[in-house]
Each structure stands twice: as C-alpha cells, then as structure tokens.
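In what follows, a structure is listed as structure tokens, so that the remarks can point back to it.
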Amino acid sequence: MREGYTHTPVKNGTKFSKEIKIEEDASTASTASTATAAAAAPTTPATAAAAAAAAAAGTVAGTIISYEFRTRGHDIGFSVKFTPKTGGGAASGDVKEIVKYAKLAADKAIQSGTIEVKHAGIYTLEWDNSYSWYTTKDLLWRIDVMKPAAVADVAAGAHQNEPQSPATATAPVPVPTTEPTAAAK
C-alpha cells in the first residue's frame, strides 16, 4: 500500500467519518474518527494511529484540507459537512453540507478533492456504506491539512528546482494496493 494511506473496513450498514477540528484562536487542527453502526465499532490501534498521523497545525484563513480515497471492488457514499463554532468556542448545531452526498465509483478511480477553510469549526468527511446490506467496503483514505505558510510556499513556487510539466503535474496518483504484482507472482 502507498505510504500515507490508512485502510479502514466500512462494514455493511455502517458509516465511517473523520472529523477535522479547526481552531481559530489556538491555530490548530485536530482529527477524530468515528464509526456508526447498530453495534458500536471498536477503536483499534490502527485507527488511533491514523488519527494521530492525520493531525496537523494550521490557522483558519488559507488552510487547505485535501483528501483522496478509493475502495476495492465496490462503490461508497461520500459527503463533507461543516459545523461552525459558536462565540463560546463550542460547535453549533448548524450543519452545512459543503460536498453533497453522492455514491462514488471509488473502486474505478481515486476520488480526491480540496476544501478551502474559511471558518473555525468541525469539518466532517463521511463515507457511507449504510445502503449495503451484505458487503463490507475496503476503504483506503488519506487526509492532509496544509497550513497557510505551506500553501503560500507552494503558490510562490518554493519548489522551483523541481522540474514540472503539465503532464507530470496532473498525472493520476498510483492506485494503492497490497496485492502482489504480476512480477511477484
């Protein structure tokens, strides 16, 4: 599997979500994972390690959340929701869907996107398998939170020594896999 991807089985009839908490005053971002099901999903060391690995520092204005994911063999529902912070610092109940829910053929192509953070609050990325009665989905996902300084470095061409052409800049990301290649068989 490619470095930086986390594998999470999303059981039939369940949802898996990743919360990214953006703090305006503390200039931090933190993450948390949840799985919802008829029976509570256990937290594993891999899930805890993935949440710790995905945490990154940032400020509100100019922070970018990027995500990419795929599944093995089946589609999956996906959406991103935002819950703004109230004046007291707690998240309000006013949830806004910023990436509309859709069933995606994530087994055919890597799904990816970016979210420009404009306000402090909780950004929730949710993968939905609740419509599937029999099939657990193997989800491979990756989330990066880029601080404004890093975004500015990229925009200013801080990596000018690295040659890039339009072909290499837009090349598809290799599909992560743990299956042996034809040469290894």
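Every number here is computed from the coordinates shown, using simple stated rules; none is lab data. Since this is a predicted model, take the numbers as computed values, not measurements. Here the Cβ positions follow ideal geometry from the backbone for every residue, glycine too, while neighbour counts run over all protein chains shown.
Brief remarks on what is shown
- For K137, the lysines whose Cα falls under 20 Å of its own Cα, not counting residues fewer than eight places away in the same chain, are K11, K15, K18, K103, K108.
- Once the Cβ-Cβ distance of V99 and S66 is raised to the sixth power relative to R0 = 22 Å, the FRET efficiency obtained is 0.95.
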